[in-house]
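Beneath this line is the structure, given in structure tokens, with notes to follow.
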Amino acid sequence: MGLPQGQKVDFAALETRRLQAAQLFEQGLSQAEVSRKLGVKPASVCRWHQAWSVSGPEALHRKAAAGRKPRLTATQVADLERELLKGPLAHGYQSDLWTLERIGVLIRRLFGVHYHPGHVWKVLRKLGWSPQRPTTRARERDEAAVAHWVRRRWPAKKGGDPAAALDCPHR
């Protein structure tokens, strides 16, 4: 179940609520009364009460963060973003396009940390980056000819003024 996507857990508020429950237990309130007073599910209050009964209020304090420690520190992530903003060309690539694989190689080269490309994407999302696709255009493209075609020939093709197509020198 959990929280809606994107919503952060406020661990300090959760700890405060558990400690309020401990104070209410000490005042002699029943689990049901504590549940109603704090607006918490009875199952949570039951768990808190069991922990409180065994170890006192200290059992309801916040524990260390769960999960694996991040491989990159906050300063390393900031350094990574600075390097990414320089662009792939500055890092020896032939095209100006970052890929997850290239960024993974950059992370490994800069910090000695190996990330799977799927996890590289998670790091980029935390930085606020989003996937971008470059616009593909032919190198031989003549912008003036394209603009002329759109202005003159396209109306004739659509069924507009057929005379507009005749004064086009690029037939």
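The values are calculated or read from the model by the stated rules, or taken from the named source; none is laboratory data. Source: prediction; values computed, not measured. Quick reminder, even Gly has a Cβ in these numbers, built from the backbone with ideal geometry, and neighbours come from all protein chains shown.
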Output the residue which, of all residues in region 51-71 that are among the hydrophobic types (A, V, I, L, M, F, W, C) and not in a loop (DSSP other than H, G, I, E, B), is farthest from the chain's Cα centre (by Cα).
V54
Sole exception among (1) at pLDDT 80 or above; (2) within 23 Å of the chain's Cα centre (by Cα); (3) farther than 30 Å from K69 by Cα for R151, by number
(2)
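Among the residues of region 32-48, write down those that are small (G, A, S) and within 36 Å of the chain's Cα centre (by Cα).
Residues of region 32-48 small (G, A, S): 32, 35, 39, 43-44.
Hits for region 32-48 are S35, G39, A43, S44.
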Could you grab the pairs with beta carbons closer than 9 Å, sequence gap of 6+ or different chains, first residue in region 72-100 and outside any loop (DSSP other than H, G, I, E, B), second one polar (S, T, N, Q)?
L89/S95
Out of (1) within 20 Å of the chain's Cα centre (by Cα); (2) within 18 Å of R71 (Cβ to Cβ); (3) not acidic (D, E), what's the single condition that is false for L85?
(2)
